[in-house]
């Protein structure tokens, strides 16, 4: 009896599905990493990808402010500054900031999501995220 799945099994099943939004996010990621910051159009697309409910707030951000905040976040040597700077943007909480880092920073970053947290044994996400939790 076979228990568990091989990497090839998982890749085979994953290849059977297509997620156009993920393709969009990956294309945006290439642009962001090449530029070193996020343009407003890509910022809004990633925010919508993470949580369509926050779009009204995210749309209030000035394009120049988005560029400068993301430039700081992607080039800082400080982990705390990277994540917390992004939360200065309207509509961006820690989970959305994690998406911006995931798709925009050269280093790998996980996406903070209640499903991902649950899979790590966190039954309920904190009501207020902190750098220590991050």
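Each label was represented as a point 7 Å from its Cα along the Cα-to-Cβ direction; for residue 62 and residue 113 these points are 3.4 nm apart.
Using bins of 10 Å that start at zero, the share of Cα-Cα pairs per bin across the stretch 19-119 amounts to 17, 55, 27, 2, in whole %. Every Cα-Cα pair in the stretch 70-134 was counted, and those over 15 Å apart are 49% of them.
Computed from the coordinates by the stated procedures, all read-outs in this text should not be read as laboratory data. Please read these numbers as outputs of a predicted model, since none were measured by experiment. Neighbour counts are summed over all protein chains in view; Cβ atoms, including those assigned to glycine, are modelled from backbone coordinates with ideal geometry.
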